[in-house]
Every structure is written in structure tokens, then in C-alpha cells.
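For reference, the structure discussed in these notes is given below.
The values are calculated or read from the model by the stated rules, or taken from the named source; none is laboratory data. Since the structure is predicted, the reported quantities are computational estimates derived from the model, not experimental observations. Neighbour counts are summed over all protein chains in view; Cβ atoms, including those assigned to glycine, are modelled from backbone coordinates with ideal geometry.
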Amino acid sequence: MGLLAAKKSRAEVYSPVRPLQRQPREFLTTGIPSVDQLVGGFPRGAISEIIGPESSGRTTLLYRLLQAATSNREICAYVDLADSFDPRTASWAGVALSQLLWVRCHNNLEHALKAVDYLLHGGGFGVVALDIGRRRSEQRLASSYWYRFRQPIEHTSTILVVIASETLARQCAALRLEMRSVRPRWQGPSNALLLRGARIEAIPQKPFIAGSTARIEAQALTLGD
Amino acid sequence: MYACVYAPQLVDPNTLEECALSFSPSFEKRDANTIVFGITGLRLLYPQLEEIPRAIRKHFTASTPSVNIAIAHSPDAAVLVARHFNGITIISEGSAKALENLSVKALTLSPEIAEAFDLWGIHTFRDIAELPEAGMVARLGPQAVELQQMASGLSRRPLLIEKAKEVFEDRVEFDEAIELLEPLLFVLGRSLGDLCQKLRASGMAAAGIDLKLDLDDGSDFERRIRFPFPFERSRTLLKLINLDLIAHPPPAPIKALALRLVPTLPRVVQEGLLTPLSPEPDKLEVTLARIRALVGEGNLGVPQLLNTHRPDAFLLQPLEVVRGLRAPTSISSDERQKLAFRFFRPALPADVSIWLDRPQRVSAHGIRSKVVTASGPWRASGGWWTNIPWDRDEWDIELANGNLYRLCREPDGSWKIEGAYD
């Protein structure tokens, strides 16, 4: 047996330390062309993070994702730590409320994390959103939670999306989008201005794509809508 | 073979059913005085056919003197004979002679057919049996075939069985009062196992559980649990009771328990290849019960918007997952992105500096900044004819750090930040 053939046969022997062959991921597109072209959508069977300060457009992007999932007839869950979900703007954004389970946690972080754990282990949800929002002590979250959350969804179609002011899942997240502050669009004379919308920017941090930004023009809800 | 018992002067309405059940597990009750049941299997017990009606007659006491019993090859023929011939009558298969002199009024006829028979001079069963079948069908419709078969004693149909309502109940009394959940669940598990087996044997599933606990202090503790999807696995039901009792523990030790399963037909769903992802009903119900025990009863559900302009008006409804092939949800044709809003619940009380009737500076918990742009005031009011009126001025404000908030001034002059645009 030649040296090359011996090397080849050794390489084919199963090794317990050999990294697993990862299947190519499926993505759920948001329907926002700039975001979908940049990152391809939200990866299924993985944790995604939408991070940014208040008024940066995190919730606008999340509602768009929930709209895409519920219009695909998937059942979704919204675990709301700060009890901040607004059904009216979600419905206006196209989210099918009848397919959205809302869990109100009244600022009890332990309840929110346990609820996510139950939902992910129960299985069958298209998108599970964990909205940590403007909580200040979010840094105290143990990293073991994210390994625990990643494991049950790994080979499923479920997407766990986390909204927070900064990254929490770190290396457990497959996608991280950083949202930049909204630049509001006002209309009308100075004494009768009307909020017409805002420009939002999403910057992919993971996978990092240097110099790329997705710009989203969002329209504000007015009396006519 | 079928037996029909007709007792026009019956005192106890259950006598007929008791009589039928002592000969056959299934029966058809035509009315309060008439019952029909199959007797084919009785030929092993009673080799002579004549013995069967005699055995049936023995079930009726002397207080019910007029009991007619008929044996025939079809339920309809047995009923007709029992109603119109006194005592015990046995007619053989296809024996039209026994019925031929009966009046057509013995049949249940529609007014049109009764009028047609009267015009044609048809008065007896023999007259009907002699009519040509094709001509009858052409004139009277498909019902004519059925009538002719009944008149000839040839009708063939199964019994319309009325099953006795099954009850899935169990009661356990304890020698000593139980204080802990674990031994209670052990007993509940055994009861549920037996009840679920009985339920499955009847081809049913559980739509809910009624649990009644007799407590040591003499009071009763009741829990009614209802499921959106029928279950038949005792493990799932036990877990749901477990979670419900954790959320609503009984206030005193338990002396006895009474368990009742609410039966319903099981829901069978054909999944399609392209059916979208949805949770398994039993797993979902357990998951929801776990979360309900964690966050409380009113903090979990599907939001439903109310038909009002009152801010933050919604209801939480139970999640109902429709499995199988579902109609696609209508997708909004408007592809523009919609700016989301986040509520602060409760709204943040704020100190607002006013200059020329416009907010200049805002200070609240975690928010302190100069107002760069303000849009308002937008008057919002309504519900003055109800118990929950609202009346306030709203402002959309942009702070120096770029954050967008909705600011509200209540009628008493207090300011609140209702939420943020995000």
C-alpha cells in the first residue's frame, strides 16, 4: 500500500473528535430586500440576536420576521419580559395575532427564561421571540442558558430570536444584527408636525460583513391606517 | 332475526330497556312503548325459536298485561307486527301474508304519498306490494322502494342502536387524609390509567377533567380543566392535573377524590407533506399548562384587538392550533415596513418642562433629555358613555439622543411616557 493510500484509509476511519458535518441551514426571509440580500434571512434551528438601544428599530424588524412566519402558517411565541408588546402595531405590521402566543412576564427574568425553555423543549413553534428590551441587569444572564436553548432547536425549523440592548448569546448566536438609532421623518409645518416614519439601519455583526448596512424605511401608524 | 316488544300500557319507562339489555347489548328504541333488538345469537341458548318470545314475556309482570312480542327477519316487519297483532307472533322471512291485510295507515307516510295512495285506491299492504316497482319510483320517488319492501316484509336495514351513555368516573376514599401532592398523584395516576383504558375501548377521548376533592375540614375543592384538543393518554392528563394542582393547591388535606373524564370523539388529523410547522397538541397543552403555572392565568394567550380606539385595548384568548391543511393567512399586500411601538406597562410618570405650550425637557425613570422635536398635542378621548372613559393629549417626541417616545398628558395635568417607537 502506498503512502497516499494509507493516509486516505486513516482519514476515513471514524474518529469521535472529528467535527460533525453541518447541514446547510434553511433561512426564513423577512421580506425586507436589503436585510435578506445582506444575510439571507434568519437561520432556522439557531439563535439570532437583534441588538441595539431603544428606538433603534429592533421591534420593527422582529415584527417583520413574525409577519413572515405567521403568514407561512407557523405558530409563533413572544416571551415578553418587560410586558411591552403592542398588539395593535403588530397587527398593523401584518402579524397574524391568532397564531402568536404572547407570554407576559412582568419583568421576571427567571419566568421569561423558563417560559422560553418550555416552549423550545415543547417544540413545533416557528419563531420563539425573547424580548429582553430595556432591562438593565441583563448582563447577569448565565451563558449556560444559551447552550441549553440552542440544543433543542438545533435540528428543527424553530428560530429563537432575542431582542436586547447588547449581545447576550455571544458564540451561541448564529446571526447577530445590530440596529442603529432611528432617524425620524417628520412632516408638516413646524407648529403642526406629524411623525411619518423613520429610517432604520441594520448592521450584521455575525456573520461580520465589513462595511455593509441594510437600510429600512419604516412608516409610522397614523389615524388613517 | 329481530324481536320487537310493544307494551302500550307500560308503567315504568325503563322496563323495556332492561328487558332488551337482558337479551342483547344493543337495541333500537322506536318510541316509549316499542323496542327492537337482535336475537340471532340467542339460538344457541334457545334452540326452538318459540322459546325466545316466551322468555321475553317472563320479564313483564302481571301489572303490564298487554305486551305484544313479534319475531321477524327485519326490524321494520317486527315493529309492524308487534304493533298490530296481539300476543306473541312469529313470521318467517318474506312472509307477506302476515302483513297483507294491514292498512297503509300503519306506515309513516308523507301527506303527498298518503293522498296519492288514497286517489289510487291503495288501502292495504297487499295493494302496495302488488304495484310495479318502476312505476312507483317514477311517481313517488325513491321512498317508494322502501315502502314496498316494508309492505312485503322484505325490508333490510340495520338497527339504529341507541347506546347507553357511558360514564367515566372514579372515586377513591383514603384511610388517612393526604397532605402531599405526590401520593395524591400516585392514586390519580392509577385512576386515570383505568379511565383512559375504558375511554379508548369506547373509541372516545377526554375533552376535560372534573376533579372533586373532599377535604379534611369538611369542605369540597373542585377543579374543572378543559382542553382545546381531545387527549387519550393518561400520562398527559396526569401531567395537566399535576400542573393545575401546583397552580391551585387545595387548602386542606384530602380525604377522598372523585374524578370524571368528559368524553368526546377523538380528533383524527391527516397531516400533509406541505403542512407547516405546528406544535403537537398534547405537548402544547402541557407546555402551556407549565407556563400558566409559572406566569399566572391571565398572562398567557393569543392577543385579540378590541373594536375601540382606546389605547392598549386587547383581550387574551386561549391559543387554538388548527392542525392539518390550513388555509394560508392573507398576506398584506403593503410591503412597506411598519414602525413598531413598545408600551411601558405601567406608563412612566414624567416631569415635563413646557415652553409656549410645547414640551421642552422630559425627565422620567431612566430618561432625562431635551426634547428636539415634538408633534402634538393630539387629543384622544372616548368611552365617556362607559365605565372606562379616556381623555388625554398625546405627543410624539424626539429626544436629543434620537429616541422617539409617546408622551401623554392626563386630564389632571400629570404627564406620562406611554412607550417608545422601536
Of (1) more than 9 Å from chain B (Cβ to nearest Cβ); (2) of a type outside the set (Asp, Glu); (3) under 24 Å from A:Gly197 (Cα atoms), A:Arg25 satisfies all except one. Which? (3)
The stretch A:193-225 - residue that is among the polar types (S, T, N, Q) and within 12 Å of chain B (Cβ to nearest Cβ) and, of those, surrounded by the most Cβ atoms within 10 Å (Cβ to Cβ): A:Gln219
If the requirement is being touching a residue at least 12 places away in the same chain (Cβ under 8 Å) and surrounded by fewer than 18 Cβ atoms within 10 Å (Cβ to Cβ), which of these qualifies: B:Ser92, B:Ser74? B:Ser92
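For the stretch A:147-187, enumerate the residues that are in a loop (DSSP other than H, G, I, E, B), of a type in the set (Val, Ile, Thr) and within 14 Å of chain B (Cβ to nearest Cβ). Before the answer, list the steps.
Within the stretch A:147-187, the first condition is being in a loop (DSSP other than H, G, I, E, B), and the residues that meet it are A:154-158, A:165-169.
Right, trim to of a type in the set (Val, Ile, Thr) and you get A:156, A:158, A:167.
Listed by number, the residues that qualify are A:Thr156, A:Thr158.
Yes/no matrix, rows are residues, columns are (1) closer than 27 Å to B:Thr108 by Cα; (2) in a helix (DSSP H, G or I):
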position	(1), (2)
B:Gln9	yes, no
B:Asp12	yes, no
B:Lys29	yes, no
B:Arg43	no, yes
B:Phe60	no, no
When you check B:Leu300 against the structure, is it buried (at least 16 other Cβ atoms within 10 Å of the Cβ), over 21 Å from the mean Cα position of the chain (by Cα) and within 8 Å of chain A (Cβ to nearest Cβ), yes or no? yes
Considering only the stretch A:51-86, state which residues are buried (at least 24 other Cβ atoms within 10 Å of the Cβ), of a type in the set (A, V, I, L, M, F, W, C) and farther than 26 Å from B:Leu288 by Cβ. A:Leu61
Being in contact (Cβ under 8 Å) with a residue 12 or more places away in the chain, surrounded by fewer than 16 Cβ atoms within 10 Å (Cβ to Cβ) and under 23 Å from the mean Cα position of the chain (by Cα), is that true of even one residue in the stretch B:171-183? no
Just checking, how many residues over the stretch A:59-97 are more than 7 Å from every other protein chain (Cβ to nearest Cβ), over 18 Å from A:Gly133 (Cα atoms) and not in a helix (DSSP H, G or I)? 2
Would you mind stating whether B:Trp378 is within 11 Å of chain A (Cβ to nearest Cβ) and within 19 Å of A:Thr89 (Cβ to Cβ)? yes
Inside the stretch A:111-134, can you point out the residues that are buried (at least 24 other Cβ atoms within 10 Å of the Cβ), under 22 Å from A:Phe27 (Cβ atoms) and of a type in the set (Gly, Ala, Ser)? A:Gly126, A:Ala129
Kindly indicate which of A:Ser144, A:Ser190 is more than 11 Å from chain B (Cβ to nearest Cβ), surrounded by fewer than 17 Cβ atoms within 10 Å (Cβ to Cβ) and free of Cβ contacts under 8 Å to residues at least 24 places away in the same chain. A:Ser144
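Here are A:Leu101, A:Leu160, A:Leu120: which of them is in contact with a strand residue (DSSP E or B) (Cβ under 7 Å, 6 or more places away or on another chain), within 23 Å of B:Leu315 (Cα to Cα) and of a type outside the set (S, T, N, Q)? Spell out the reasoning first.
Working: A:Leu160 fails: within 23 Å of B:Leu315 (Cα to Cα); A:Leu120 fails: within 23 Å of B:Leu315 (Cα to Cα).
Going through A:Leu101, A:Leu160, A:Leu120 in turn, just one is in contact with a strand residue (DSSP E or B) (Cβ under 7 Å, 6 or more places away or on another chain), within 23 Å of B:Leu315 (Cα to Cα) and of a type outside the set (S, T, N, Q): A:Leu101.
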Show the residue pairs meeting these rules: Cβ distance below 6 Å; 6+ apart or different chains; first residue within the stretch B:228-256 and under 19 Å from B:Pro266 (Cβ atoms); second residue in a loop (DSSP other than H, G, I, E, B). B:Pro228/B:Glu320; B:Pro230/B:Pro266; B:Pro230/B:Arg267
With (1) in contact with a Pro (Cβ under 8 Å, 6 or more places away or on another chain); (2) part of a loop (DSSP other than H, G, I, E, B) as the list, and A:Asn107 as the residue in question, which single condition is left unmet? (1)
In the stretch A:111-125, what count of residues is obtained for those that are within 7 Å of another protein chain (Cβ to nearest Cβ) and either of a type in the set (A, V, I, L, M) or touching a Lys or Arg at 6+ places or on another chain (Cβ under 9 Å) (or both)? 7
Within the stretch B:371-413, can you find the residues that are surrounded by 15 or more Cβ atoms within 10 Å (Cβ to Cβ), of a type in the set (A, V, I, L, M) and within 21 Å of A:Arg185 (Cα to Cα)? B:Val371, B:Ala374, B:Ile397, B:Leu399, B:Leu404, B:Leu407
Please determine, by comparing only the residues of the stretch B:186-227 that are without any contact (Cβ under 8 Å) to a residue 60 or more places away in the chain, within 11 Å of B:Leu261 (Cβ to Cβ) and of a type in the set (A, V, I, L, M, F, W, C), which one is surrounded by the most Cβ atoms within 10 Å (Cβ to Cβ). B:Ala206
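Among the residues in the stretch B:45-67, are any hydroxyl-bearing (Ser, Thr, Tyr) and either buried (at least 20 other Cβ atoms within 10 Å of the Cβ) or modelled with pLDDT of 85 or more (or both)?
The first filter runs over the stretch B:45-67 and keeps only residues hydroxyl-bearing (Ser, Thr, Tyr), leaving B:46, B:61, B:63-64, B:66.
Next, only the ones that are either buried (at least 20 other Cβ atoms within 10 Å of the Cβ) or modelled with pLDDT of 85 or more (or both) stay: B:46.
Scanning the stretch B:45-67 turns up at least one residue that is hydroxyl-bearing (Ser, Thr, Tyr) and either buried (at least 20 other Cβ atoms within 10 Å of the Cβ) or modelled with pLDDT of 85 or more (or both).
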Residue list for the stretch A:100-110, filter: within 7 Å of chain B (Cβ to nearest Cβ) and either among the acidic types (Asp, Glu) or crowded, with 24+ Cβ neighbours inside 10 Å (or both): A:Leu100, A:Leu101, A:Val103, A:Arg104, A:Cys105
